[in-house]
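The values are calculated or read from the model by the stated rules, or taken from the named source; none is laboratory data. None of the values given here were measured: they were computed from a predicted structure. Quick reminder, even Gly has a Cβ in these numbers, built from the backbone with ideal geometry, and neighbours come from all protein chains shown. Just the protein is used for accessible areas: all its heavy atoms, side chains included, with ligands, DNA and RNA removed. Shrake-Rupley method; radii C 1.70, N 1.55, O 1.52, S 1.80 Å.
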Amino acid sequence: MSRFVLGVTGASGIIYATRTAMYLQRFGHEVTLLVTHPGKQVLEYEEQKELYGYCKEVCNVDDFFAECASGSADYVGMAVVPCSMGTLGRIAAGTSDNLLVRAADVCLKECRRLVIVPREMPYNLIHIENMKRVALAGAVVVPASPQFYSKPKSIEELVDTVVAKILKLLGVDAEQVATIVKPWGNSCE
Ligand SMILES: Cc1cc2nc3c(=O)[nH]c(=O)nc-3n(C[C@H](O)[C@H](O)[C@H](O)COP(=O)(O)O)c2cc1C
């Protein structure tokens, strides 16, 4: 069992977070959920309240006394899914002005895996520069670009092509991840 932080922002695509948490729970891991205030509104709007049910705990983003605000807590990594351009900018600037941004900052300083899934279209130069900045600091930038060559038959299957990548980069067991989306080479008919 490993512990992960899952950060959710006010970007579209909360279903990516829901299914990331669902698989982490299914594979025996614990998820600490942090949702920004705009994130809560978009989560409700996109009808993803089931996300809460997959998480071990939900921390208030204003609570800097939470465990994940400290590098001494035993989290192995964090994913920000989906990541708004606002939160991307705050992580890139190191503002640590809410618990989600602080937890991401902690991941970078402790050299833990930080997976950032930006969601915006198109990107302006500020977005691109911020992605470059977090990548240079050690984060992995994983755009929500689903694959079609596995021939997904539903929105959930399409979403899972991105979720499998997130889980793999978080260090989840490759055999477990392969039960979600078969790696290339095993998926040929
Ligand atoms: C329905 C909805 C969808 C949104 N989608 C995006 C998006 O995909 N990417 C983005 O950067 N902002 C998006 N926004 C705007 C953000 O919610 C807004 O910039 C917010 O301040 C982000 O705050 P946060 O980073 O603290 O979550 C969306 C807003 C709404 C209401």
Report summary line: Residue span THR179 to ARG133: 0.36 nm per residue of separation minus Cα-Cα distance leaves a gain in nm of 13.2 nm
Query raised in the report: Roughly how many Å² is the accessible area per residue of the chain, as a whole number, for a 1.4 Å probe?
Result: 50
Report task. Collect residues whose amide H, placed 1.01 Å from N in the peptide plane, falls under 5 Å from the amide H of CYS83; neighbours closer than 5 in sequence don't count. Result -> VAL117, ARG119
Query raised in the report: Can you list the aspartates and glutamates whose alpha carbon is less than 16 Å from that of LYS132, not counting same-chain residues fewer than 8 positions off?
Result: ASP105, GLU120
Query - Given charges at beta-carbon only (K, R positive; D, E negative), |dipole| of the chain in Debye - result: 440
Query raised in the report: For labels at ASP97 and HIS37 in the simple 7 Å Cα→Cβ model, what's the distance in nm?
Result: 1.2
Query - Phi to ³J(HN,Hα) by Karplus 6.51 cos²θ - 1.76 cosθ + 1.60 over region 142-152, Hz, x for Gly, Pro - result: 10, x, 6, 10, x, 9, 10, 6, 7, 6, x
Query raised in the report: Which percent of the accessible heavy-atom area of region 3-177 goes to carbon and sulfur, probe 1.4 angstrom?
Result: 53
Query raised in the report: Based on the mean of other beta carbon atoms within 10 Å per residue, what is the order of 59-69, 91-101, most packed first?
Result: 91-101, 59-69
